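What follows is a short report on a single structure.
The values are calculated or read from the model by the stated rules, or taken from the named source; none is laboratory data. What you see is a predicted model, and the numbers here were worked out from it, not measured in a lab. Cβ placement follows ideal geometry from the backbone for every residue including glycine, while neighbour counts extend to all protein chains displayed. Note: accessible area is taken over every heavy atom of the protein model, side chains too, but ligands, DNA and RNA are not part of it. Shrake-Rupley method; radii C 1.70, N 1.55, O 1.52, S 1.80 Å.
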Number of protein chains: 2
Amino acid sequence: MKKLLNDPATVVVDALRGMAAAHPELRVDLEHRVVVRADAPSQGRVGLVSGGGSGHEPLHAGFVGPGMLDAACAGEVFTSPVPDQILAATTAVDGGAGVLHIVKNYTGDVMNFEMAAEFAADNGTEVACVVIDDDVAVQDSTWTAGRRGVGATLVVEKIAGAAAAQGRPLAEVAQLARRVNDEGRSMGMALTSCTVPAVGHPTFDLAENQMEIGIGIHGEPGRRRVPLASAAEVAAMLVEPILADRDFAGADGVLLFVNGMGATPLMELYLMYDQVSALLDRAGVRVARSLVGSYVTSLDMAGCSVTVVGLDDRLIGLWDAPVCTPALRWGA
Amino acid sequence: MKKLLNDPATVVVDALRGMAAAHPELRVDLEHRVVVRADAPSQGRVGLVSGGGSGHEPLHAGFVGPGMLDAACAGEVFTSPVPDQILAATTAVDGGAGVLHIVKNYTGDVMNFEMAAEFAADNGTEVACVVIDDDVAVQDSTWTAGRRGVGATLVVEKIAGAAAAQGRPLAEVAQLARRVNDEGRSMGMALTSCTVPAVGHPTFDLAENQMEIGIGIHGEPGRRRVPLASAAEVAAMLVEPILADRDFAGADGVLLFVNGMGATPLMELYLMYDQVSALLDRAGVRVARSLVGSYVTSLDMAGCSVTVVGLDDRLIGLWDAPVCTPALRWGA
């Protein structure tokens, strides 16, 4: 295993220590492994909490800051955060207007966020929850019942964060978050496996001449293994199931997000963006906004995913609104 | 070779087509492989041009935009741009106040930028040039005489770009750029080789239990190969030669930039940031500004580099000034 680390057992907290050192605008609770805006809570404003297993960086802690999340909980690598962590985050960002939990649809995450929400309610904090399930690849997987939550999570966090920053009430922020999830579809692929530090060897074997289509962000199986193919063919294998699942031709435009899995160079992601946007254009889908980069990753996996989210003028305005986080920053 | 591409021979232009599609605020000249701000030239303002071989993305085209570069020239992978490209970029951004060339110290780059500057001068464009040579690893390499230009290039582009945006004259922008280079020191390491698309196999062999210290961003040899070590030991191997080369304890503070080589997860970069910043702290070097991410890459190489740049109040102000590019964006 070739990784930059000291001890596989402490990799999450060691990385969080680096986040704390690099970002004085964040408050990092190393005991609970929770990253919070240093100025939290914002009195009278809805607080946003997300989190999940580590290994998907910059998701989620890299999206904590004005205009996006108020706190993120970091579980062990590919392991759900525990209710205590989530409760600590929820309490830290409760400014009296309620807290929204943004949860990727994995069984452990959903269960632990639910438990934390109950504890928080007992303490007098109103909590709403939106579950993200945008991955069209598989209906059920080793990690969850129903579709998995992947790339659309970032988009939900950005748009809900902008609405919260505008002072919208909890019910409206939650409804917007659900709408973005309903409008979002994703599909991913892997050229190589990832390696979990504490395991020390690749999660799965993929021959030199093979790739996996429909892979999950934990290295869980996708739809099928196929021979290595060109970027044009890969783009078609990702876009077709997305468009088969939802008709975006009617939307005012879409956000096209081409995401790297962690070890894929930006040059290849831009090359893929060209292929994917050409396919959408041919299908009559107009791209209104774009994002290209490694934002929802799977440790050191090589590969990419495509996320398409249908937009309208309001969602575009919220996407464009200022954001100031370690990994996503504009207008501020 | 596992890469997302169609044809190794067209990978650069195929990726540039993606940049054009994703970033309508940029004008991409596919014939010359030059990326220019869509609103160039800015009349009466110094224009900034950089460039070099492709494979280091987001460097350089990802730094084109308000507050940073006006244009970037993309050579073939790890191959200098030719004078025609550089001349096209220089002409495109000449707003009458002269043009600064920011050139990494590789023999071909320096020679071709020099030739382009002569052609541009013949056409009536005043050109100044700053050569970046911040890599303390080796004095000469297969690619250049003298030290190589690596991570400090980004910092020079940012700070010179801010000065140009403030309307400072060419001589002053060039002098600032040289000062940042003088203040900057870098050192890198690799866990794995990169693979050039047109070659199809790794540039060098590195055993499963080995890493290379002092590596260049083209996979050229570093100082030595050593057994795999902990992040703490790697941090020491990178920081010690930097501090041995320059005393930063006297500076008002430094910019600490922990950079990924392309295939290294962000979690590992933050973990390295923690180690490196602790070593600087122990050496009495105060970190005033931070940057963590994969910005000056070497295709799909796993590894990292550390760049330290001595700052004063003016340089901090220019670093903090608004920037709006695909890869670096704040305050705008």
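Given the options A:GLY303, A:GLY310, name the one that is touching a Leu at 6+ places or on another chain (Cβ under 6 Å) and either over 23 Å from A:PRO66 (Cβ atoms) or at pLDDT below 95 (or both). Talk me through it step by step, then tell me what you get.
Numbers: A:GLY310 fails: touching a Leu at 6+ places or on another chain (Cβ under 6 Å).
From the options A:GLY303, A:GLY310, the qualifying one is A:GLY303.
Taken together, A:VAL34, A:VAL46, A:VAL28, A:VAL77 contain a single residue that is touching a helix residue (DSSP H, G or I) at 6+ places or on another chain (Cβ under 8 Å), under 21 Å from A:ILE217 (Cα atoms) and assigned by TED's automatic domain parsing to the domain that holds A:ASP122, which is A:VAL77. For the range A:173-199, a tally of residues being touching a Leu at 6+ places or on another chain (Cβ under 7 Å), open to solvent by 10 Å² or more (accessible area, probe 1.4 Å) and in a strand (DSSP E or B) returns 1. Among the residues of the range B:312-332 satisfying the criterion of being open to solvent by 30 Å² or more (accessible area, probe 1.4 Å) and away from every other protein chain (no Cβ under 14 Å), which is nearest to B:VAL173 (Cα to Cα)? Looking at the filtered set, the residue picked out is B:ARG314.
Which members of the range A:104-124 meet the condition of being hydrophobic (A, V, I, L, M, F, W, C) and surrounded by 14 or more Cβ atoms within 10 Å (Cβ to Cβ)?
We begin by selecting, within the range A:104-124, every residue hydrophobic (A, V, I, L, M, F, W, C); these are A:110-111, A:113, A:115-117, A:119-121.
Hits for the range A:104-124 are A:VAL110, A:PHE113, A:MET115, A:ALA116, A:ALA117, A:PHE119, A:ALA120.
Within the range B:282-301, does at least one residue satisfy the condition of being assigned to a helix (DSSP H, G or I) and of a type outside the set (S, T, N, Q)? Taking every residue of the range B:282-301 in turn, at least one turns out to be assigned to a helix (DSSP H, G or I) and of a type outside the set (S, T, N, Q).
What's the total number of residues in the range A:200-233 that are in a loop (DSSP other than H, G, I, E, B) and without any contact (Cβ under 8 Å) to a residue 40 or more places away in the chain? Lay out the reasoning, then the answer.
From the range A:200-233, those in a loop (DSSP other than H, G, I, E, B) are A:200-201, A:203-209, A:214-223, A:228-230; that's our starting set.
Then keep just the ones that are without any contact (Cβ under 8 Å) to a residue 40 or more places away in the chain; that gives A:203-209, A:228-230.
Selection size over the range A:200-233: 10.
Taking the criterion of being crowded, with 24+ Cβ neighbours inside 10 Å and more than 8 Å from every other protein chain (Cβ to nearest Cβ), would at least one residue in the range B:261-273 satisfy it? For the range B:261-273, residues crowded, with 24+ Cβ neighbours inside 10 Å and more than 8 Å from every other protein chain (Cβ to nearest Cβ): present. Here is a check on your reading of the model: is A:GLN175 assigned by TED's automatic domain parsing to the domain that holds A:THR79 and in contact (Cβ under 8 Å) with a residue 60 or more places away in the chain? Criteria not met by A:GLN175. Within the range A:125-138, being surrounded by fewer than 19 Cβ atoms within 10 Å (Cβ to Cβ) and assigned to a strand (DSSP E or B) holds for A:ALA128, A:CYS129. Within the range B:6-31, the set of residues being surrounded by 21 or more Cβ atoms within 10 Å (Cβ to Cβ) and either more than 10 Å from chain A (Cβ to nearest Cβ) or farther than 15 Å from B:GLU76 by Cα (or both) comprises B:GLY18, B:MET19, B:ALA21, B:ALA22, B:HIS23, B:LEU26, B:VAL28. Does A:PHE257 satisfy being touching a Ser or Thr at 6+ places or on another chain (Cβ under 7 Å), closer than 20 Å to A:VAL180 by Cβ and more than 8 Å from chain B (Cβ to nearest Cβ)? Yes, satisfied. Only one of the numbered conditions (1) part of a helix (DSSP H, G or I); (2) without any contact (Cβ under 8 Å) to a residue 12 or more places away in the chain is not met by A:ASP247, and that is (1). Of all residues in the range B:203-232, those satisfying the criterion of being over 21 Å from A:HIS201 (Cα atoms) and either in contact with a helix residue (DSSP H, G or I) (Cβ under 7 Å, 6 or more places away or on another chain) or of a type in the set (A, V, I, L, M, F, W, C) (or both) are B:PHE204, B:ILE213, B:ILE215, B:ILE217, B:VAL226, B:ALA232.
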